[in-house]
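The values are calculated or read from the model by the stated rules, or taken from the named source; none is laboratory data. Everything numeric here is computed off the predicted structure, so don't read it as measured data. For neighbour counting, all protein chains shown are included, and Cβ atoms are generated from backbone atoms with ideal geometry for every residue, glycine included. SASA here: full protein model, heavy atoms, side chains in, ligands and nucleic acids out. Shrake-Rupley method; radii C 1.70, N 1.55, O 1.52, S 1.80 Å.
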Amino acid sequence: LLHRARAAQARAPHPGVMSRASGKQRVCYFYDSDIGNYYYGQGHPMKPHRIRMAHNLLLNYGLYKKMEIYRPSPATFDELRKFHSDEYMRFLRHITPDNMGEYTKQMQRFNVGEDCPVFEGLYQFCQASSGGSIGGAVKLNKGTSDIAINWAGGLHHAKKSEASGFCYANDIVLAILELLKHHRRVLYIDIDIHHGDGV
């Protein structure tokens, strides 16, 4: 009897992973606790602390019990350049509020300035945002999740070599490229009021 109980326990899905047999979908959720610390600047409409607020709602309503929560691995330079140009990614990796004066030409070239300001930890923000979406795509590809959530993602205006509309690294394109490793086509539906022109 104990052997049968252990065997049943071994077959049971991890708490928070919902099995297909039960008809429920398995949800993975990526959240980096540092994401709310990034700050675009005074008066800027993009406020990453809202991601933390959404996470707190998820905890307070008990929704976390219905999903597996992961801290995303930061996207590597090589992962980011699967879509973005090397020169643009190197620029994002090196520029800081302290050394902006040395990069005035590149800032103009890569459209970094007003809508897309330089802020402390900019490159790390891009890594965290993109890492969550890539991680979600990997989970979908492996069949270990049916739904992947990354509230820090959706930065659909970023171009191959240019920031745009508060977006620097296009996590959506990077996730789609990951999904295309296992799927012939990917349907992308954007529910933002603005056109996802970077995708």
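For every other residue with a beta carbon closer than 12 angstrom to the beta carbon of TYR29, add +1 if it is Lys or Arg and -1 if Asp or Glu, then tell me the sum.
For residues surrounding TYR29, the net value is +3.
Take each uninterrupted DSSP H stretch in the chain, measure its Cα extent along the helix axis, and return the ones at 24 Å or beyond whose mean Kyte-Doolittle hydropathy is at least 0.5.
Result, helices passing both filters: zero.
Treating cross-link reach as a plain straight distance, find the aspartates and glutamates whose alpha-carbon is under 20 Å from the alpha-carbon of LYS24, omitting any fewer than eight places away in the same chain.
GLU68, ASP146
If you place +1 on the Cβ of every Lys and Arg, -1 on the Cβ of every Asp and Glu, and leave all else neutral, what size is the dipole of the chain about its Cα centre, to the nearest 20 Debye?
Values: 25 positive and 19 negative charges, 280 e Å.
Charge dipole of the chain: 1340 debye, to the nearest 20.
In Å and on Cα atoms, what radius of gyration and Dmax does the range 56-160 show?
16.3, 49
Solvent-accessible area per residue for the chain at a 1.4 Å probe radius, Å²?
60 Å²
Okay, helix-only estimate at 222 nm for the chain: each DSSP H run of n ≥ 4 adds -39500 (n - 2.57), divide by all residues, round to 500 deg cm²/dmol; what do you get?
Counting only the DSSP helices, I get -10500 deg cm²/dmol.
Starting at the first residue of the range 159-167, write each ³J(HN,Hα) from the Karplus equation 6.51 cos²θ - 1.76 cosθ + 1.60 with θ = phi - 60°, in whole Hz, x for Gly and Pro.
9, 4, 9, 6, 7, 6, x, 6, 10
Distance from the Cα centre of the range 30-51 to that of the range 108-180, in angstrom?
After rounding, the separation between the Cα centres reads 14 Å.
State the percentage of accessible surface on the chain attributable to carbon and sulfur atoms; use a 1.4 Å probe and exclude ligands, DNA and RNA.
Numbers: 6420 of 11950 Å².
The value for the chain is 54 percent carbon and sulfur by accessible area.
Expected output is a single nm value to one decimal: the length gained when fully extending between VAL186 and ARG50, i.e. 0.36 nm times separation in residues minus the C-alpha distance. What is it?
Roughly 46.1 nm would be gained on extension.
How would ASP98, ASP32 line up by accessible area, probe 1.4 Å, largest first?
The residues order as ASP98, ASP32, largest area first.
Hey, can you grab everything whose amide H is under 5 Å from the amide H of LEU155? Only 5+ residues off in sequence or another chain; H modelled, so Pro and N-termini drop out.
Those lying under 5 Å, H to H, from LEU155 are ASP171, ILE172.
Lysine pairs in the range 53-199 with alpha-carbon atoms under 24 Å apart, 8 or more places apart or on different chains: how many are there?
So the count of such lysine pairs works out to 15.
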